Amino acid sequence: FRSMKNLRIEFHKNQNDLYNQKTQIILDKVKIFILEFIKKNDLQTIKIAFTYPLFCEVNLLSLIEFFNKNYPKKIITSLPFVYQKNSELTFKTWNFGEELTPDIYNIPSPKNGEVITPNMLIIPLNAFDENNFRLGYGGGFYDRTIANNPQIFSVGVGFSFNKVKTIFPENFDIAMNKI
């Protein structure tokens, strides 16, 4: 499934305009889904964990900026921070433009920010299947996080070409609530 990551990188490199169009479509869908989720569940506030985009994943940073500007009290945005291997993720509040610092994997993460437990995870994926299982990078961070916090609503985000018949889920793999 490493080829899925490479496929995404090649798509970004060789078809940048189409990559940007598809990214915008995904951004719009995620935005609408979140706003409808809030309305449907009559939430006063929601804490949403996004991710910093790597390897040409769908870049949701502009969505964070949109929520920070238009729903600053209703939608609390955060990013993950990895303190140690084989652990669950820690999430810190983060608003677009605030300072970032590398975590142990050199992934940009909030330098400051309050540690929170999100209500929703927006999770990138390398591949996904029709049963809402996702394949990430193999660290198991999201699986551990979801297993330890089953109340968190999980949303996988990726391009349609990353869909496969099955990812051959293992016992520890947990299906996303939505992809």
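The values are calculated or read from the model by the stated rules, or taken from the named source; none is laboratory data. No experiment lies behind these values; they were computed from the predicted model shown. Cβ sites come from the backbone with ideal geometry, for glycine too, and all protein chains shown count toward neighbours. Side chains included, ligands, DNA and RNA excluded: accessible areas come from the protein's heavy atoms. Shrake-Rupley method; radii C 1.70, N 1.55, O 1.52, S 1.80 Å.
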Exercise. Going by the conditions given, is PHE50 among the hydrophobic types (A, V, I, L, M, F, W, C), more than 15 Å from VAL157 (Cα to Cα), touching a residue at least 60 places away in the same chain (Cβ under 8 Å) and surrounded by 16 or more Cβ atoms within 10 Å (Cβ to Cβ)?
Worked result: no
Problem set entry | Matching option when the condition is of a type outside the set (Ser, Thr, Tyr) and in contact with a Phe, Trp or Tyr (Cβ under 6 Å, 6 or more places away or on another chain), among LEU89, LEU61, LEU100 | LEU89
Problem set entry | Breaking point among (1) in contact (Cβ under 8 Å) with a residue 60 or more places away in the chain; (2) farther than 28 Å from ASN148 by Cα; (3) of a type in the set (Ser, Thr, Tyr), for TYR19 | (1)
Seminar exercise, completed: Scanning region 146-163 residue by residue, those closer than 13 Å to ASN126 by Cβ, open to solvent by less than 30 Å² (accessible area, probe 1.4 Å) and of a type in the set (A, V, I, L, M, F, W, C) turn out to be VAL157, PHE159
Exercise. Quick one: how many residues across region 129-143 are open to solvent by less than 30 Å² (accessible area, probe 1.4 Å) and closer than 11 Å to GLU170 by Cβ?
Worked result: 2
